[in-house]
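What follows is a set of notes on a single structure, which appears directly below.
The values are calculated or read from the model by the stated rules, or taken from the named source; none is laboratory data. Just so you know, these numbers come straight off a predicted model, no measurement behind them. Glycine gets a Cβ as well: all are built from the backbone with ideal geometry, and neighbour counts include every protein chain shown. Note: accessible area is taken over every heavy atom of the protein model, side chains too, but ligands, DNA and RNA are not part of it. Shrake-Rupley method; radii C 1.70, N 1.55, O 1.52, S 1.80 Å.
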Amino acid sequence: MRKCYINGVGCISAQGTFDTVFLEDSIVNDQDNVLTIQDPVYKNYIAPAAIRRMGKGVKAGIVASALAMQEAGVENVDAIITGTGMGCMEDSEKFLKAIIDNNESFLTPTSFIQSTHNTVAAQIALGIKCNGYNFTYVHSAVSFESSLLDAMMQIESGDAATILIGGIDETVEYTMSLFKLAGYIKNESDKPFKVLPATSKGVVYGEGATFFIVADRPQSSSYAQVLAIELLNSLEVHEVEIKLNHFLAANGFQISDIDAVVLGYNGDIEYDVYYQNIAENCLANTTQVYYKHLSGEYNTASAFGLWVAAKIIRTQEIPAIIKVNRVEKESYKTILLYNQYKGKDHSFTLISTCQNTE
Amino acid sequence: MNKGVAITGMGIISAIGNTVEENLISLLNNKVAISTIDNISTIHKDSIKVAEIKKTNQELVNELQLPEENNYSRTAMLGAIAAKQAMADAGITDINEYRTGIVSSTSVGGMDMTERYYYEYFKDESCLKYVSSHDGGATAQTIADELGLKGMVTTISTACSSAANAIMFGARLIKAKKLDRVIVGGTDALAKFTINGFKTLMILSDTDNTPFDNDRKGLNLGEAAAYLVLESDELVQKEHKRVLAYVSGYGNANDAFHQTASSENGEGAFLAMQKAMKVAGLEPAQIDYINAHGTATPNNDLSEGRAMLRIFGKHVPDFSSTKPFTGHTLAAAAAIEAVYSILALQNNIVFPNLNFKTPMSEFDLVPQAVLKHKPIQHVLSNSFGFGGNCSTLIFSKSE
């Protein structure tokens, strides 16, 4: 069975992450309950005429994918697999609002055409003329993890050698106002917004585009090796530790082998207990990392989490801004990620330094 | 040839029937379901025809015995009905007994509720329960809840090829031994969003759709849901399962030509069919029937026809599009056509491509216009979607 390596990354987020080493430019914004991306210079990557027609997620996705491919030194790939929880919201909303406000009249197709969930993957394929496998997963907090699992299976079976994967979600006004109304986003009165410790219900929302080149061979640009991933739709709080131990054991690991754990804490007092429970028990002596105070919570924020984990392995350093506890390790060789949203769509991901053995 | 992954159950709800049996009866008796729209109020009511499931949301709620405070979208309810049928057909009583997953697909998800309550949300708090049913994943989660499944659940959305990709990924999960069994398929309800979307693209027919006809005027939108149960060989043997057919081949490729239009020579479709035959270990001559995507849009049928000619040359097997019966059910299309492909294998029949009169001027491809009985071993089913997404599945007879 072939192995799966991360050979390039590209990250567009609420932080300056597209031209930095790691998180050296990051700051915690505790004043806004919706964090928007820091725009890269799009015209360096996309023709200006095309930029105007593109939704935010499409633009950011194209740039993040270009960065990942550039870093990995590849010009084309065997497959493009994306994950997006909410899809191309900007165009969906634009079209839906026009339907309702104009009573189904005077509509133009542009925003409908770009509203489908697979627009980012399709536009990337179109841009690099990639006729390969092209999939888009749209399943809430495991949208990105589904694409990683799919890619791993193709690498392991030898069906593909180089695959572009990514997670993209965009914030748009109407949906954000709806999420505020429904209580998914923290109230203004809960300011300053905190992820750790969580003191109020709901989350600070975010958006981003995080892409990776995964391949069957390591190279000098390699960050890490993806060892295993598992998706589980619903778990009770007490079941997480049991499932985590099963996951590790099934892959020949135990808790003591884990050098750091990247947890998806999002500051929602109702659900952060899922993380807290393992953090205070089986992972109490493990270095703990969090990141959603930087990225905001969104369905594919966990792709930002994987970017963080890959960067830790590459730099062998954990910036203070993402540390949860004071446990330190001499080296960070094996990192576990755990994520869930509202007690649903749990994922465990295990990555390590590259082991260049067949 | 490669045997593929066993299909042990199937379920379907479409405009031509609420069960597999009803769908078969309609297909055998040319019972189409293209009509004016009843369940959605739209200004296009008189200018379009659709394939609508003639059940109101309340009737679906009653059928599923849901509490009144449920927050299920129509898409989710249709999906739950079809998935439950598939489970029962496969004789599954304890869904968590083995490693079981769901790979679902949808394009509109809960859009039917979002468009209904777009401004209501801000006036009436009781609507807010539907906010969480909008996204694509909510549909699959609803189905998982209805089935009581705890395990791997995911959703694919690649426009009109979505369900083919769900079936493909499910088959691969079984082959890779990640799961013992998996419920795969798709669901999409009619919505103003898609009606108006396709309307602006000017590819909606005001009359019955006529795939592969020179005078085709576009598609009829439809709504449907269908699911298959795929199981590992080990489980089939252990449980002495009846096998309906096998998913023997699958392939996905991207046309990389245009966001919504298919390429002149059908490159993506060609590659998808080629890959699927390679996975199945079959030669073109071994395909007995093609259940074509055949949406009856000028662009699709030309592109698909050219791709078929590139694969099959002078010996294009019997082919037909069943969309004159069911309309184009978007993300669900490949799932309902998977059920029809299995029915074709089981009953040794080629379903008719209804409404066909005049061959297209660009080539001399003539679909099978009337019901045909003949031995069928392998059926190839195509599904293509926006974003250049091209998928092919091959279903083979169970010995």
_Less than 12 Å Cβ to Cβ from A:Glu93, Lys/Arg counted +1 and Asp/Glu -1: what total charge do the surrounding residues give?_
-3
_Mean Kyte-Doolittle hydropathy of -0.5 or higher plus an axial Cα length of 20 Å or more: which whole DSSP H helices in chain A meet both?_
A:56-72, A:143-157, A:301-315
*How do B:302-310, B:327-335 rank on mean C-beta neighbours within 10 Å, highest first?*
B:327-335, B:302-310
*For the range A:1-50 and the range B:102-171, compute the distance between their C-alpha centroids and round to whole Å.*
28 Å
*Residue separation times 0.36 nm, minus the C-alpha to C-alpha distance between A:Lys201 and A:Asp32: what's the value?*
59.3 nm
*Quote the Stokes-Einstein diffusion coefficient, in whole µm² s⁻¹, for chain B, based on the Kirkwood radius over alpha carbon pairs, a temperature of 37 °C and a viscosity of 0.692 mPa s.*
160 µm²/s
*What is the distance in Å between the Cα centres of the range B:332-368 and the range A:284-311?*
49 Å
*Could you calculate the contour length gain from A:Ile100 to A:Leu181, that is, 0.36 nm times the residue separation minus the distance between their Cα atoms, to one decimal place in nm?*
27.2 nm
*Once phi is turned into ³J(HN,Hα) by the Karplus curve 6.51 cos²θ - 1.76 cosθ + 1.60 with θ = phi - 60°, what whole-Hz value does each residue of the range A:317-334 show in order, with x for glycine and proline?*
9, 10, x, 4, 5, 10, 7, 8, 10, 9, 5, 10, 10, 5, 9, 10, 9, 10
*About its Cα centre, how strong a charge dipole does the range B:84-160 have in debye, to the nearest 20, once Lys and Arg get +1 and Asp and Glu get -1 at the Cβ?*
140 debye
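With a cut-off of at most 16 other beta carbons within 10 Å, and DSSP calling the residue loop, which GluC sites (Glu not before Pro) in the range B:108-174 qualify? Please list them. Walk me through the numbers on the way to the answer.
On the way: sites: B:Glu115, B:Glu120, B:Glu125, B:Glu146; in loops: none.
Within the range B:108-174, no GluC sites (Glu not before Pro) qualify (loop, at most 16 other Cβ atoms within 10 Å).
Could you tell me which trypsin sites (Lys or Arg not before Pro) in the range A:293-330 are loop residues by DSSP with no more than 10 other beta carbons within 10 angstrom of their beta carbon? Provide the component values of the computation, followed by the final result.
Numbers: sites: A:Lys311, A:Arg314, A:Lys323, A:Arg326, A:Lys329; in loops: A:Arg326, A:Lys329.
Here the sparse-neighbourhood loop sites are A:Arg326.
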*In vacuo Debye scattering of chain A, one point per C-alpha: log10 I(q)/I(0) at q = 0.08, 0.09, 0.10 Å⁻¹?*
-0.36, -0.46, -0.57
*Apply the Karplus parameterisation 6.51 cos²θ - 1.76 cosθ + 1.60, with θ equal to phi minus 60°, to every residue of the range A:205-221 and state each ³J(HN,Hα) to the nearest whole Hz, in sequence, with x for glycine and proline.*
7, x, 7, x, 9, 10, 10, 9, 9, 10, 8, 8, 10, x, 8, 4, 7
*Per residue of A:86-98, what is the mean number of Cβ atoms on other protein chains within 10 angstrom of that residue's Cβ?*
3
_For peptides B:228-235, A:255-262, B:31-38, A:213-220, sequence by mean Cβ density within 10 Å, most packed first_ = B:228-235, A:255-262, A:213-220, B:31-38
_Report, in listed order, any pair from A:Lys311/B:Lys177; B:Lys150/B:Lys275; A:Lys94/A:Lys180; A:Lys94/B:Lys123; B:Lys31/B:Lys372 with a Cα-Cα distance greater than 27 Å._
A:Lys311/B:Lys177; B:Lys150/B:Lys275
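State the Kirkwood hydrodynamic radius of the range A:19-78 in Å, one decimal place, computed from all pairs of distinct Cα atoms. Write out the running numbers ahead of the final one.
Numbers: mean 1/r = 0.0730 Å⁻¹.
Kirkwood radius, the range A:19-78: 13.7 Å.
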*GNM on chain A, C-alpha springs below 10 Å: top fluctuator among A:Thr286, A:Thr136, A:Thr82?*
A:Thr286
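When only DSSP loop residues count, what chymotrypsin sites (Phe, Trp or Tyr not before Pro) in the range B:337-399 have their Cβ near at most 16 other Cβ atoms within 10 Å?
Values: sites: B:Tyr340, B:Phe356, B:Phe363, B:Phe384, B:Phe386, B:Phe395; in loops: B:Phe356, B:Phe363, B:Phe386.
Those that pass, being in a loop and sparsely packed, are B:Phe363.
Stick to Cα atoms and the Kirkwood definition of Rh, then tell me Rg/Rh for the range A:116-224.
Values: Rg = 18.0 Å, Rh = 16.7 Å.
Ratio value, two decimals: 1.08.
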*Over the alpha carbons of the protein assembly as shown, what is the largest minus smallest coordinate on each principal axis, giving the biggest first in Å?*
75, 59, 53
*Quick one: if the Förster radius is 41 Å, what FRET efficiency do A:Gln254 and B:Asp94 give, using the C-beta to C-beta distance and rounding to 0.05?*
0.85
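Restricting to DSSP H runs of at least four residues, report the calculated mean residue ellipticity at 222 nm for chain B, -39500 (n - 2.57) per run over all residues, nearest 500 deg cm²/dmol. Could you put the intermediate results ahead of the total?
Working: 12 runs with 128 residues, N = 399.
Result for chain B, helices only: -9500 deg cm²/dmol.
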*What number comes out for the charge environment of B:Arg216, summing +1 per Lys or Arg and -1 per Asp or Glu over other residues with Cβ under 13 Å away?*
-4
*Which of B:Ala164, B:Gly266, B:Thr392 sits farthest toward the positive end of the charge dipole of the protein assembly as shown, with +1 on the Cβ of Lys and Arg and -1 on the Cβ of Asp and Glu?*
B:Gly266
*log10 I(q)/I(0), Debye, Cα-only the range A:227-352, no solvent, q = 0.19 Å⁻¹?*
-1.04
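Count, for each residue of A:138-150, the Cβ atoms from other chains sitting within 10 Å of its Cβ, then give me the mean as a whole number. If you can, show how the numbers build up before the last one.
Numbers: counts 17, 15, 10, 1, 5, 6, 0, 1, 8, 1, 0, 6, 6.
Per-residue shielding by partner chains comes out at 6.
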*Give me the accessible area buried between chains B and A, both sides summed, with a 1.4 Å probe, in Å² rounded to the nearest 100.*
5100 Å²
*Taking the Cα-to-Cβ direction at B:Asp124 and at A:Ala49 and moving 7 Å from each Cα, how far apart do the two end points lie in nm?*
4.7 nm
*Neighbour net charge for A:Asn187 - beta-carbon separation under 10 angstrom, K R +1, D E -1*: +2
*Each label point is 7 Å from the Cα along the Cα-to-Cβ direction; what then is the distance between the points at B:Asp38 and B:Val366, in nm?*
3.8 nm
*Which value in nm describes the separation of the simple spin-label points at A:Lys191 and A:Arg217, placed 7 Å from the Cα toward the beta carbon?*
5.4 nm
_Among A:119-131, A:42-54, how do they line up by average Cβ neighbours within 10 Å per residue, starting with the highest?_
A:119-131, A:42-54
_Candidates B:Gly148, B:Gly249, B:Gly109: whichever shows maximal mean-square fluctuation once chain B is modelled as a Gaussian network with Cα springs under 10 Å_ = B:Gly148
*Just tell me how shielded B:175-185 is by partners: mean number of partner chain Cβ atoms within 10 Å of each residue's Cβ, no decimals.*
1
